[in-house]
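Enquirer: Provided herewith is a single structure, encoded as structure tokens, for subsequent inquiry.
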Amino acid sequence: MLWFLISVAALIGGYFIYGAFIEKVFGINEKRKTPAHTKTDGVDFVPMSTKKVYLVQLLNIAGVGPIFGPIMGALYGPAAMLWILIGCIFAGAVHDYFSGMLSIRNGGASVPTITGRYLGKGAKHFMNIFAIVLLLLVGVVFVSAPAGMITTLINEKTGFSVSMSTMVMVIFAYYVIATVVPVDKVIGRLYPFFGALLIFMSVGLITAVAVSSDYTVMGNFSVSDMFSNLNPNDMPLWPALFITIACGAISGFHATQSPLMARCMENEKNGRFVFYGAMIGEGVIALIWCAIALSFFGSLDGLSNAIQNGGPGNVVYSSSFGLLGVFGGVLAFLGVVILPITSGDTAFRSSRLILAEYFNMEQKSLQKRLLMALPLFVIGAVLTQVDFGIIWRYFGFANQVTAVMMLWTASAYLLRHNKLHWVTTVPAFFMTSVCATFILNNEALGFGIPMSVSTALGVVFAIAVTSYVIKSSKGKGDIALDDESEDKSASLTKTA
């Protein structure tokens with residue numbers, strides 16, 4: 001329990017200390033008007049209160065990733081919690097902060113547009129394709145996962161019988177509505193309530209573990225285990241752990257979500273709380289589920305058996321009802337089910353906006369919103385027929401590559417403005433090495449090259465990318481009006 005509490009305290013401390021440092025490096029301007037005010041359209045650009053924006057951001061980014069990922073990562077032992085802690089503070093929260101704040105500084109632009117501005121047109125075209133693919137994979141994952149979980153809950157706890165396909169259609173119908181209606185009509189109204197349920201679920205479960213005499217939070221592990229690979233299935237820790245646990249540590253999916261709230265945030269001073277803070281909140285959720293996975297089943301072998309007999313969804317189901325009983329278990333389980341649904345709808349919403357930016361099509365009219373959204377749902381419906389395990393594998397890799405691209409975009413921005421770029425360059429270098437090594441070594445998705453060779457090539461590739469970004473960006477200046485000159489222009493206009 002002590003290691004868990006120290007980890008949570010460190011995350012909170014990271015928000016106040018390192019988060020404040022990142023905010024200073026970026027350099028906020030409280031007097032600068034945000035896109036929520038300069039581009040208000042009543043659909044996507046809608047000013048909302050800071051608390052509401054925070055809760056929506058948290059639910060947007062917290063799909064099944066900070067639950068399923070840490071559960072799978074827990075098979076490696078307490079090292080999973082160490083990665084969540086370090087990754088969240090120094091990589092994930094930094095990534096989310098810059099993805100949101102750069103969107104604000106670029107008029108609420110989506111991640112491909114931002115990437116194109118600072119890394120060039122080639123990067124923009126790559127990110128347009130990659131972001132749409134990632135978001136479609138997310139949408140499919142976040143249809144299949146909650147549909148399966150709701151089906152299990154209804155069939156086993158109510159006496160009624162419902163099919164998986166029926167639940168898929170119900171969730172898809174909700175996604176269509178949430179994707180095209182104004183952001184404050186469904187998402188802005190329901191998500192704060194869902195956020196409260198999420199917090200109740202997370203705190204309730206870990207409290208139940210702590211007070212129960214049947215369980216000891218991580219009681220069977222020593223300090224040395226935090227730096228060891230304890231996976232009972234002999235899976236290598238490097239680089240798989242850093243792909244398996246994405247949400248909760250660092251996730252490229254968040255870069256597609258932050259612009260949604262960048263369009264609703266009222267002042268730049270709220271950025272640290274909304275973007276960096278929401279990621280810290282997701283890190284706490286990831287720690288809770290990792291700790292539950294390490295505690296509820298008594299051993300890593302027990303956890304492995306639970307996953308083999310029903311996947312991470314079975315771990316959620318068993319622990320929710322085992323720790324909180326029927327009533328509390330239903331609430332906790334629904335709290336988990338809500339997470340992928342509240343990320344799936346915004347995944348499709350982000351896809352719509354990215355396509356709209358690409359085709360330069362306004363989204364104020366419902367007809368044009370449907371024109372962008374419906375083809376995405378048709379493709380998503382087709383992809384739901386593909387095996388969930390295959391979709392999840394591709395999602396994990398695509399997710400981390402997107403994170404890499406966003407971090408390098410942030411580094412290019414900082415270099416152009418002569419600011420401390422190492423805060424994003426170091427995590428970008430690390431995650432580039434991870435992704436390159438993974439795809440070179442993995443036999444199912446990549447090339448099956450031996451690990452030692454893959455690692456060496458991955459590091460060399462990361463060095464090459466680092467050199468390129470620094471050389472092509474340093475001292476170059478921003479492409480359009482930079483932040484400071486834009487503020488000066490506005491000031492001069494007022495004076496005139």
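Enquirer: Got a sec to turn the phi values of the range 302-307 into Karplus ³J(HN,Hα) couplings, 6.51 cos²θ - 1.76 cosθ + 1.60 with θ = phi - 60°, whole Hz, x for Gly and Pro?
Expert: My calculation for the range 302-307 gives x, 5, 4, 5, 5, 5 Hz in order.
Enquirer: How large, in Å, is the range 196-273 by the Kirkwood hydrodynamic radius built from its alpha-carbon pairs?
Expert: About 16.8 Å for the range 196-273.
Enquirer: Scan around Ser228 for amide H atoms under 5 Å from its own, H built in the peptide plane at 1.01 Å from N, and keep only partners 5 or more places away or cross-chain.
Expert: Ala79
Enquirer: Binning at 5 angstrom from zero up to the longest distance, how are the C-alpha pair distances of the range 225-337 distributed in percent?
Expert: All Cα pairs, binned at 5 Å, distribute as 2, 9, 15, 19, 17, 14, 12, 7, 4, 1 percent.
Enquirer: May I pose another question? Nearest 20 debye, what's the magnitude of the dipole of the chain about its Cα centre given +1 on Lys and Arg Cβ and -1 on Asp and Glu Cβ?
Expert: 1480
Enquirer: Shifting gears a bit: Can you list the equivalent-ellipsoid semi-axes of the range 42-193, largest first and in whole Å, using the square root of 5 times each Cα gyration tensor eigenvalue?
Expert: Computed over the range 42-193, the values are 30, 23, 17 Å.
Enquirer: With each label point set 7 Å from Cα along the Cα-Cβ vector, what nm distance links Asn29 and Val162?
Expert: Output for this residue pair reads 5.0 nm.
Enquirer: Quick one: what Rg and Dmax do you get for the range 177-217 from the alpha carbons, in Å?
Expert: Expressed in Å, the Cα Rg and Dmax of the range 177-217 come to 16.4, 49.
Enquirer: Something else about it: Across every pair of different alpha-carbon atoms, what Kirkwood hydrodynamic radius in Å does the chain reach?
Expert: Taking every pair of different Cα atoms in the chain, averaging 1/r and inverting gives 22.8 Å.
Enquirer: Okay, which of the range 94-132 sit inside 17 Å, backbone N to the point 7 Å along the Cα-Cβ direction of Ser472?
Expert: Under cut-off, by backbone N: 112-130.
Enquirer: Would you calculate, for the chain, the mean residue ellipticity at 222 nm contributed by helices, counting each DSSP H stretch of 4 or more residues as -39,500 (n - 2.57) and dividing by all residues, to the nearest 500?
Expert: Helix contribution divided over all residues of the chain: -24000 deg cm²/dmol.
Enquirer: In whole angstrom, how long is each semi-axis of the equivalent ellipsoid of the range 1-114, when you take the square root of 5 times every eigenvalue of its Cα gyration tensor and sort them from largest down?
Expert: Largest first, the range 1-114 gives 31, 17, 13 Å.
Enquirer: Through the Karplus equation 6.51 cos²θ - 1.76 cosθ + 1.60, θ set to phi - 60°, convert the phi angles of the range 34-47 into ³J(HN,Hα) values in whole Hz; use x for Gly and Pro.
Expert: 8, x, 4, 9, 7, 10, 3, 10, x, 10, 10, 9, 9, x
Enquirer: Sticking with this one: Write down the Å³ per residue value for the convex hull defined by the alpha carbon atoms of the range 410-461.
Expert: Roughly 69 Å³ of hull volume per residue.
Enquirer: While we're on this one: Relative contact order of the range 1-157: what whole-number percent is it, with Cα pairs under 8 angstrom and at least 6 residues apart?
Expert: Contact order relative to length: 22 percent.
Enquirer: Say the dipole of the chain comes from +1 at the beta carbon of Lys and Arg and -1 at that of Asp and Glu; which of Ile6, Ile84, Tyr118 then lies farthest toward its positive end?
Expert: Result: Tyr118, furthest along the dipole toward the positive end.
Enquirer: In terms of modelled amide H atoms, which long-range or inter-chain residues lie less than 5 Å from the amide H of Glu266?
Expert: When sequence neighbours closer than 5 places are left aside, the close amide H contacts are Met48.
Enquirer: Probe radius 1.4 Å, ligands and nucleic acids ignored: give me the carbon and sulfur share of the accessible area of the chain as a rounded percent.
Expert: Looking at the chain in its full context, I get 67 percent from C and S.
Enquirer: Ordered by residue, what ³J(HN,Hα) values in Hz, to whole numbers, does the range 330-337 give under the Karplus form 6.51 cos²θ - 1.76 cosθ + 1.60, where θ = phi - 60° and Gly and Pro are x?
Expert: 4, 4, 5, 5, 5, x, 6, 5
The values are calculated or read from the model by the stated rules, or taken from the named source; none is laboratory data. Worth saying up front: this structure is predicted, and the values here are computed from it rather than measured. Note: ideal-geometry Cβ built from the backbone for every residue, glycine included; neighbour counts use all protein chains shown. Calculation scope for accessible area: heavy atoms of the full protein, side chains included, ligands and nucleic acids excluded. Shrake-Rupley method; radii C 1.70, N 1.55, O 1.52, S 1.80 Å.
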